Amino acid sequence: MRVGIPSVLTSYTQGATSVDATGNSVDALLDDLDHQFPGIKFRMVNERGALRPHMRVFVNKEMVEGLDQPVGSNDEIVILQALSGG
């Protein structure tokens, strides 16, 4: 499936803003991304296995609450870095 990559992580993907990855859950998908682009998952997931506070994953335009969210080969996956501040 095609995965949209935020600009903050394109240094891992050699500048690509979308890449192909596989997996039957968001976590498995991130594992595949990390296999292809070592270190990318650590930038998105903390040591406790949860998304970092400013990272968001969307499956078919709906924000994922947990990494155990199932995904299918036809799903649209987008990873974003949330902005904050005042």
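Here are the numbers:
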read-out: Near pairs, Cβ below 8 angstrom, 6+ apart or cross-chain, from the range 41-58 (among the aromatic types (Phe, Trp, Tyr)) to any residue that is surrounded by 15 or more Cβ atoms within 10 Å (Cβ to Cβ); value: 42/34; 58/64; 58/77; 58/78; 58/79; 58/80
read-out: Any chance residue 61 is closer than 16 Å to residue 2 by Cα and either out of contact with any His (no Cβ under 8 Å at 6 or more places or on another chain) or touching a residue at least 40 places away in the same chain (Cβ under 8 Å) (or both); value: yes
read-out: Qualifying residues in the range 50-65 (those that are open to solvent by less than 80 Å² (accessible area, probe 1.4 Å) and out of contact with any helix residue (DSSP H, G or I) (no Cβ under 8 Å at 6 or more places or on another chain)) - the one farthest from residue 30 (Cα to Cα); value: 60
read-out: Residue list for the range 1-48, restricted to those being part of a strand (DSSP E or B) and open to solvent by 50 Å² or more (accessible area, probe 1.4 Å); value: 2, 20
read-out: Residues being without any contact (Cβ under 8 Å) to a residue 60 or more places away in the chain and more than 10 Å from the chain's Cα centre (by Cα) - total across the range 65-86; value: 10
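The values are calculated or read from the model by the stated rules, or taken from the named source; none is laboratory data. Small disclaimer: the values here were computed from a predicted structure and weren't measured. Using ideal geometry, Cβ is built from the backbone for each residue, glycine included, and neighbour counts are taken over all protein chains shown. Surface areas here come from the heavy atoms of the whole protein model, side chains and all, with no ligands, DNA or RNA. Shrake-Rupley method; radii C 1.70, N 1.55, O 1.52, S 1.80 Å.
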